[in-house]
1. Rounded to the nearest 10 Å², what accessible area does residue 147 show when all protein chains are kept and the probe is 1.4 Å?
2. Sort 171-177, 126-132 by the packing proxy (mean of other Cβ within 10 Å over each peptide's residues), most packed first.
3. Report the residues of region 151-189 in range of a label on residue 233: point 7 Å along Cα→C-beta, backbone N strictly under 20 Å from it.
4. Using the 2.2 N^0.38 Å rule of thumb for compact globular proteins, work out how region 150-259 stacks up: its C-alpha Rg over that value, please.
5. So which of 15/163; 157/230; 132/207; 157/222 end up more than 22 Å apart by C-alpha?
Amino acid sequence: MLYGALKVVLGGPLKVAFRPWVEGLENVPAEGPAILASNHLSFSDSFFLPAVLDRKVTFIAKAEYFTTPGVKGRLTAAFFKGVGQLPVDRSGARGAGEAAVRSGIEVIERGELFGIYPEGTRSPDGRLYRGKPGGLARVALATGAPVIPVAMIDTEKIQPPGKIVPKLMRPGIRIGKPLDFRRYQGMENDRFVLRAVTDEVMYEIMKLSGQEYVDIYATVVKRQIAQAAKAEKEAEKAARARAGKQAGQDRTEQDEGGR
């Protein structure tokens with residue numbers, strides 16, 4: 001009920017204001033389960049894709065959206081639940097927690113659409129990063145549901161990380177043909193199979209999006225960027241301290257020279 005209301009309230013205005021273009025809409029089944037595996041460029045990705053589909057899409061989202069304390073945190077959690085988001089703890093080695101995988105399987109078993117971002121986080125620079133062999137492959141192999149690759153186009157230009165007010169421009173959505181991984185069904189605990197399935201999906205997303213592919217995890221790059229920014233700040237702080245100390249010494253020498 002809440003999902004439908006929010007889709008009307010948000011989906012309609014989004015389509016009118018931003019006029020997203022879509023290719024391959026016919027690849028999304030009118031009924032039955034399927035997994036939508038998309039690149040992740042912007043916070044707004046989870047709004048534009050559902051806005052152009054007639055069916056409900058249930059995504060997984062980082063757990064912080066559901067666990068932030070206070071009134072704002074509770075409102076945020078209620079909103080994300082209302083738009084069909086499932087919490088996922090990305091801190092573990094697999095990236096997607098066991099609870100998130102089970103939730104994804106439940107969505108598929110209900111005959112619904114399950115949306116997931118294999119990169120595990122938003123791209124820090126618009127490039128496509130290595131997919132995590134956790135939630136996507138495990139849900140696909142456990143259920144036999146088809147995986148539909150999706151490419152979001154230019155959404156990072158509409159709402160870059162850290163920006164609240166979006167820029168009015170047309171984003172694009174390319175939806176690829178379903179991928180069938182039933183040949184691997186029952187092998188969801190084989191890490192080599194999980195890697196192969198994930199890489200095949202990422203390759204299809206790369207072809208659809210035209211993004212440059214980087215064979216490392218986006219989370220690693222984000223950590224490197226954060227560490228570099230921290231080191232730069234510490235270097236600037238040290239430089240200011242040295243400059244202040246030198247200025248103090250210069251004043252002392254001037255005072256002593258004037259005596």
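1. It works out to around 0 Å².
2. Working: 171-177: 19.9, 126-132: 22.9.
Going from most to least packed, we get 126-132, 171-177.
3. 161-164
4. 2.01
5. Working: 15/163 20 Å; 157/230 26 Å; 132/207 18 Å; 157/222 18 Å.
Exceeds cut-off: 157/230.
The values are calculated or read from the model by the stated rules, or taken from the named source; none is laboratory data. Computed from a predicted model, the values in this text were never measured in an experiment. Heads up, the Cβs are rebuilt from the backbone with ideal geometry, glycines too, and the neighbour counts pull from every protein chain shown. For accessibility, only protein heavy atoms count, side chains too; no ligands or nucleic acids. Shrake-Rupley method; radii C 1.70, N 1.55, O 1.52, S 1.80 Å.
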